[in-house]
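The structure under discussion appears below in the form of structure tokens.
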There are 2 protein chains.
Amino acid sequence: MITLTEENYIKAIYHLGKYGVNNVSTNAIAKEMETKASSVTDMVKKLSEKSYVDYKKYQGVTLTQKGKEIAINIVRKHRLWEVFLVEKLNFSWDEVHEVAEQLEHIKSKKLISQLDAFLEFPTHDPHGDPIPDKMGHIKKIDKILLSEAEIGNDCICVGVQDSSSEFLKYLDKNNIALGTELKVCHREAFDNSITIKIKTKELIISNMIANNLFVKIS
Amino acid sequence: MITLTEENYIKAIYHLGKYGVNNVSTNAIAKEMETKASSVTDMVKKLSEKSYVDYKKYQGVTLTQKGKEIAINIVRKHRLWEVFLVEKLNFSWDEVHEVAEQLEHIKSKKLISQLDAFLEFPTHDPHGDPIPDKMGHIKKIDKILLSEAEIGNDCICVGVQDSSSEFLKYLDKNNIALGTELKVCHREAFDNSITIKIKTKELIISNMIANNLFVKIS
DNA sequence: AATAATTTTTAGATTTATCTAAAAATTATT
DNA sequence: AATAATTTTTAGATAAATCTAAAAATTATT
């Protein structure tokens, strides 16, 4: 049987390895898990024995097929629960993470397949992240960071990079939600801040904000 | 912070103490928790240190006010989740227990109050057990065991004592559900089996079955 | 009331996940 | 290429929850 801790390590390794990183380092995992490198080494050995990761001393780890399946299933559960919380229980998108972190570990195939159906098979969570299907397939959409959009582009907001409560509340305050249409009007060379137009209202956005908002050119 | 194990012990002590038993014995807890008496002693000391129970060596334990509140909150969560599973996710009443055992430990006040509202403030779970309200108040209905009903009584099924899958499936098979109306026709003195009539159909029920079905005289 | 049976506790060991401190290996810098 | 800095691992310790086996206390029986 897989433990809660093992699941959390596997999830952390999955997230760290997501963007083409082949061998996830011990220190990176330690940072992500808010624990010590020595603890990570111990756990990584255990995960390796259980064939969830491939591990060679001093070389970091990679998830095995088995490990990847577990990770994707946790992600699927996390995101489905987030949809449930927002759509059915009136949570706002900045409140769901903590609860979903707990709910993602509930073990019941029927629960998840029924929840999926109840939510009418959503494809994305409240932050715009894709929900893996029952088979673990993830459909990715071609989104870019707002900071990468060009002057004059008409965009539609489709996701966030940072899903911290602080960032999400900033977006709420400025009436930016998923689905919001905006136009990139101007980029300030000095600090890379950009001016965007939402409907008729202009808004200046720092580069840091633009670096955490995904858009699709429409 | 309270651990999962502590919560489960508190819940067990609550259930064992429910029917007027003041001091719950170590062995009773061990049986309920499927563990050894020595483990129980250890845990009971810990629960006592944390003021969840009153404990005197060799005298068993009683929940403190604090312990009782925790127990009732777990019961509330368990039963609300059971309603959710049956009403929204199409689980049958014999499938919900295991999943609810996991869900009952999720920590989020907002989650439970919103779930309660989403389910339209149910008062009873799918097995007829009352759901404590936000304040921990439990409204009990005057139900009796079918085995205690008298010949000629018109009854309505309102709950089950045993909520094992086997028993619930037996009831399903014989078209007995909560809300089902039945009449007690005859009691066989030899084995205390009783003949009941549901609509026009007669059915003979063993004393063991009658001992696990709650009814209200109508 | 003495003895037997049962229940409960204690003592000491085990497993899981963690830690600190030191050693070993790798990577970066001069 | 030697040394310094960093990363990773090892060794040994700790805390939580459990176990077995033996001792102590309680309860039941003769």
**Asked** Using alpha-carbon pairs under 8 Å, 6+ residues apart, how would you state the relative contact order of chain A in percent?
**Response** 15
**Prompt:** Of A:MET1, B:MET43, B:MET135, B:MET208, how do they rank once you tally other Cβ atoms within 10 Å and put the fewest first?
**Reply:** A:MET1, B:MET135, B:MET208, B:MET43
**Item:** FRET efficiency, 1/(1 + (r/R0)^6) with R0 51 Å, evaluated for A:SER206 and B:MET208 via beta carbons
**Value:** 0.10
**Request:** Output the relative contact order of segment B:144-217, whole-number percent, from Cα pairs under 8 angstrom with separation of 6+ residues.
**Result:** 45
**Asked** What is the distance, in nm, between label points placed 7 Å from the Cα along the Cα-to-Cβ direction at B:ILE144 and at B:GLN65?
**Response** 3.7
**Dipole moment magnitude, nearest 20 debye, segment A:76-173 about Cα centre, only Lys, Arg, Asp, Glu C-beta charged** = 640
**Message:** How would segment B:101-148 be classified by its alpha-carbon gyration tensor: rounded, prolate or oblate, with rounded meaning a/c under 1.5 and the a/b versus b/c comparison settling the rest?
**Reply:** prolate
**Complete:** Around A:LYS109 (Cβ within 15 Å, Cβ-to-Cβ, excluding A:LYS109; K/R +1, D/E -1) the net charge comes to -1
**Message:** Taking 60 Å as R0, compute the FRET efficiency from the Cβ-Cβ separation of B:LYS57 and A:HIS186 and round it to 0.05.
**Reply:** 0.20
**Message:** Please list, by residue number, every one of the trypsin sites (Lys or Arg not before Pro) in segment B:110-218 that is coil in DSSP and has at most 10 other beta-carbon atoms within 10 Å.
**Reply:** B:LYS139, B:LYS140, B:LYS199
**Asked** Any idea what the dipole of the protein assembly as shown comes to, in debye rounded to 20, about its Cα centre with Lys/Arg Cβ at +1 and Asp/Glu Cβ at -1?
**Response** 580
**Message:** Which of A:TYR170, B:TYR9, B:TYR58 has the fewest other C-beta atoms within 10 Å, and how do the rest follow up to the most?
**Reply:** B:TYR58, A:TYR170, B:TYR9
**Request:** For helix B:65-87, report the angle its Cα long axis makes with the longest principal axis of the Cα atoms of chain B; keep it between 0 and 90° and round to the nearest 10°.
**Result:** 50
**Entries in A:LYS110/B:LYS169; B:LYS11/B:LYS143; A:LYS143/A:LYS169; A:LYS169/B:LYS88; A:LYS134/B:LYS134 that, when Cα-Cα distance is taken, lie over 27 Å** = A:LYS169/B:LYS88; A:LYS134/B:LYS134
**Request:** Measure nothing fancy, just the Cα-based angle from helix B:109-118's long axis to the longest principal axis of chain B, in degrees from 0 to 90, nearest 10.
**Result:** 20
**Message:** I'd like the GluC sites (Glu not before Pro) in segment B:33-98 restricted to DSSP loop residues with at most 16 other Cβ atoms within 10 Å, sorted by number.
**Reply:** B:GLU34
**Asked** For segment B:23-124, with only Lys/Arg (+1) and Asp/Glu (-1) charged at the beta-carbon, what is the dipole magnitude about the Cα centre, in debye rounded to 20?
**Response** 680
**Rg/Rg_globular for segment B:144-217, with Rg_globular taken as 2.2 N^0.38 Å and Rg from C-alpha atoms** = 0.97
**Message:** What aspartates and glutamates does A:LYS173 reach when the alpha-carbon gap must be under 17 Å and sequence neighbours fewer than 8 apart in one chain are set aside?
**Reply:** A:ASP94, A:GLU95, A:ASP162, A:GLU181, A:GLU202
**Request:** For segment A:39-49, take each phi angle, set θ = phi - 60°, evaluate the Karplus expression 6.51 cos²θ - 1.76 cosθ + 1.60, and give the result in whole Hz per residue in order, putting x for glycine and proline.
**Result:** 5, 5, 4, 4, 5, 4, 5, 5, 4, 5, 4
**Message:** Whole percent per 10 Å bin, from 0 to the bin with the longest distance: what is P(r) over all C-alpha pairs of the protein assembly as shown?
**Reply:** 4, 16, 21, 23, 17, 10, 6, 2, 0, 0
**Item:** Of the GluC sites (Glu not before Pro) in segment B:141-183, those whose Cβ has at most 12 other Cβ within 10 Å and which sit in DSSP loop
**Value:** B:GLU150
**Message:** Let me understand segment A:4-63 better: what is its radius of gyration from the alpha carbons, and its Dmax, in angstrom?
**Reply:** 9.9, 26
**Request:** With the Cα gyration tensor of segment A:20-101 in hand, convert its eigenvalues to equivalent ellipsoid semi-axes via √(5λ) and list them largest first in whole Å.
**Result:** 30, 15, 10
**Complete:** The distance between the Cα centres of segment B:51-111 and segment B:120-183, in whole Å, is 19
**Item:** Normalised per residue, the volume of the convex hull around the Cα set of segment B:87-218 (Å³)
**Value:** 120
**Complete:** The helix A:4-17 Cα axis meets the longest alpha-carbon principal axis of chain A at an angle in degrees, between 0 and 90 and rounded to 10, of 50
**Prompt:** Lys/Arg Cβ at +1, Asp/Glu Cβ at -1, dipole of chain A taken about the Cα centre: which of A:SER39, A:TRP93, A:HIS124 is farthest positive-ward?
**Reply:** A:SER39
**Message:** Using Cβ counts within 10 Å as a stand-in for footprinting exposure, how do A:LEU16, B:LEU182 rank, fewest first?
**Reply:** A:LEU16, B:LEU182
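Where a number appears in this text, it was derived from the coordinates with a stated rule and is not lab data. Source: prediction; values computed, not measured. All Cβ positions, even for glycine, are placed from backbone atoms using ideal geometry, and neighbour counts span all protein chains on display.
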